[in-house]
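Report on the following structure.
The values are calculated or read from the model by the stated rules, or taken from the named source; none is laboratory data. From a predicted model like this one, the values you see are computed outputs, not experimental measurements. Using ideal geometry, Cβ is built from the backbone for each residue, glycine included, and neighbour counts are taken over all protein chains shown. In case anyone asks, the SASA skips ligands and DNA or RNA and just uses the protein heavy atoms, side chains included. Shrake-Rupley method; radii C 1.70, N 1.55, O 1.52, S 1.80 Å.
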Amino acid sequence: MEPEKLEYFRTLLQERLEEILGEADKTRNDMTGVTAPFPDPTDRATLETDRNFVLRIRDRERRLISKIREALDRIDAGTYGYCELCGSEISVKRLKARPVTTMCIACKSREEALERARGQ
Ligand SMILES: [Zn+2]
């Protein structure tokens with residue numbers, strides 16, 4: 001991939017990372033606000049649901065953060081934009097839609113078909 005394109009995706013990924021980290025901070029702050037005991041059991045149940053919801057979001061954020069960091073590592077290593085399975089170049093259009101992708105569209109489709117076949 002040309003250096004200008006790599007820099008484009010590096011900026012894109014870094015911005016995305018900062019955005020998520022900013023939101024993660026916000027989520028943490030929201031969570032520290034709910035430690036006060038609630039006398040009403042209904043409130044407590046709502047609180048538990050909220051907490052589970054927040055934890056699920058944070059789990060998804062964590063996974064996305066590590067994917068973005070891996071993508072940035074690949075940019076440094078010069079392997080960014082190449083399919084990890086077949087080694088062919090991933091189209092810029094696909095990378096723009098999903099900058100953390102590690103597979104070309106053909107391999108990804110095959111992977112998804114296999115997963116469906118396995119009943120996942
Ligand atoms: Zn491929």
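Here are the numbers for the structure shown:
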item: Whole-percent carbon and sulfur share, accessible surface of the chain, 1.4 Å; result: 53
item: Cα→Cβ-extended label distance, 7 Å offset, between Arg94 and Leu12, nm; result: 1.3
item: Relative contact order (%) - the range 61-115, alpha-carbon pairs under 8 angstrom, separation at least six; result: 30
item: Solvent-accessible area per residue, Å², over the chain with all protein chains present [probe radius 1.4 Å]; result: 71
item: Bins of 10 Å, starting at 0 and running to the largest distance - Cα pair percent for the chain; result: 12, 31, 25, 18, 10, 3, 0
item: Neighbourhood net charge (14 Å Cβ-Cβ; Lys/Arg +1, Asp/Glu -1) for Leu47; result: -3
item: Candidate residues Lys108, Lys96: accessible-area rank, largest first, probe 1.4 Å; result: Lys96, Lys108
item: Farthest positive-ward along the chain dipole, Cα basis, beta-carbon charges - from Thr49, Leu64, Cys107; result: Cys107
item: MRE, 222 nm, helices only [DSSP H, n ≥ 4, -39500 (n - 2.57), over the chain, to nearest 500]; result: -25000 deg cm²/dmol
item: Cα-centre dipole for the range 77-120 with unit charges at Cβ (Lys and Arg positive, Asp and Glu negative), debye to 20; result: 200
item: Check: the range 46-113 dipole with +1 on Lys, Arg Cβ and -1 on Asp, Glu Cβ, in debye; result: 200
item: Within straight-line cross-link reach of Lys26, lysines at Cα separation under 29 Å, skipping those fewer than 8 residues along the same chain; result: Lys67, Lys96
